[in-house]
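Structure, as structure tokens:
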Amino acid sequence: MQVSKTLDYAVRSLTYLSKEPVGRLSIKEISQNQHIPLNYLAKIMRKLVNKGIVQSMVGPEGGYVLRKSPREITLREVYEAIEGDFRMIDCMEKDSICILHENCAQLPVWDKLQISMIKILESTTLEDMLKQKREVM
């Protein structure tokens with residue numbers, strides 16, 4: 001399992017914005033400081049604006065700012081803004097049931113894994129991300 005580049009960029013952008021919760025940051029500044037291609041970042045920021053995670057302001061004093069404090073924005077909220085509903089495999093989609101559903105030996109494992117991952121995403125905020133220290137293995 002791998003985190004998409006888009007989700008990675010979104011989290012990096014938001015944690016960078018979290019360091020400046022009062023001030024506005026331009027998309028150019030975020031792009032340069034986080035090494036994210038500007039056009040790619042523009043698409044990501046549009047999704048985050050549409051989901052109410054960040055606010056966009058135009059003009060010379062414009063830029064992006066978080067709509068809530070970093071401690072109120074969870075990684076699940078960010079994930080769902082970028083990727084949609086969280087699901088481990090296609091057969092776990094809300095409106096579809098696989099024909100093997102009743103006898104699937106894999107489903108309990110994927111279900112447990114999905115529940116665990118959702119709990120981690122729900123309990124981790126941008127503020128938590130800022131506090132993390134990378135442990136060297």
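The values are calculated or read from the model by the stated rules, or taken from the named source; none is laboratory data. Because the structure is a prediction, the values reported are computed rather than measured. Positions of Cβ are backbone-derived with ideal geometry, glycine not excepted, and every protein chain shown enters the neighbour counts.
One table, with the values for the structure above:
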| read-out | value |
| --- | --- |
| Which numbered condition Glu61 fails, given (1) surrounded by 12 or more Cβ atoms within 10 Å (Cβ to Cβ); (2) modelled with pLDDT under 90; (3) not aromatic (Phe, Trp, Tyr) | (1) |
| Subset tally (residues that are farther than 14 Å from Leu17 by Cβ and surrounded by 14 or more Cβ atoms within 10 Å (Cβ to Cβ)) for the stretch 47-58 | 2 |
| Lone qualifier among Gly52, Gly63 - being under 14 Å from the mean Cα position of the chain (by Cα), over 21 Å from Lys5 (Cβ atoms) and small (Gly, Ala, Ser) | Gly52 |
| Set Ile36, Ile82, Ile44: member being in contact (Cβ under 8 Å) with a residue 12 or more places away in the chain, assigned to a loop (DSSP other than H, G, I, E, B) and surrounded by 11 or more Cβ atoms within 10 Å (Cβ to Cβ) | Ile36 |
| Selection from the stretch 87-113 of residues that are under 30 Å from Ile53 (Cβ atoms) and modelled with pLDDT under 90 | Arg87, Met88, Ile89, Asp90, Cys91, Met92, Glu93, Lys94, Asp95, Ser96, Trp110, Asp111 |
| Some residue of the stretch 12-23 being touching a residue at least 40 places away in the same chain (Cβ under 8 Å), more than 16 Å from Leu126 (Cα to Cα) and over 10 Å from the mean Cα position of the chain (by Cα) | yes |
| Residues within the stretch 24-33 that are without any contact (Cβ under 8 Å) to a residue 12 or more places away in the chain and either exposed (fewer than 14 other Cβ atoms within 10 Å of the Cβ) or in contact with a Lys or Arg (Cβ under 6 Å, 6 or more places away or on another chain) (or both), tallied | 2 |
| Close pairs (6 angstrom Cβ cut-off, 6 or more residues apart or separate chains): within 14 Å of Ile73 (Cβ to Cβ) in the stretch 49-60, assigned to a helix (DSSP H, G or I) and of a type in the set (Gly, Ala, Ser) anywhere | Lys51/Ala81; Ile53/Ala81 |
| Residues satisfying the stated conditions in the stretch 47-79, i.e. part of a loop (DSSP other than H, G, I, E, B) and small (Gly, Ala, Ser) | Gly52, Gly59, Gly62, Ser69 |
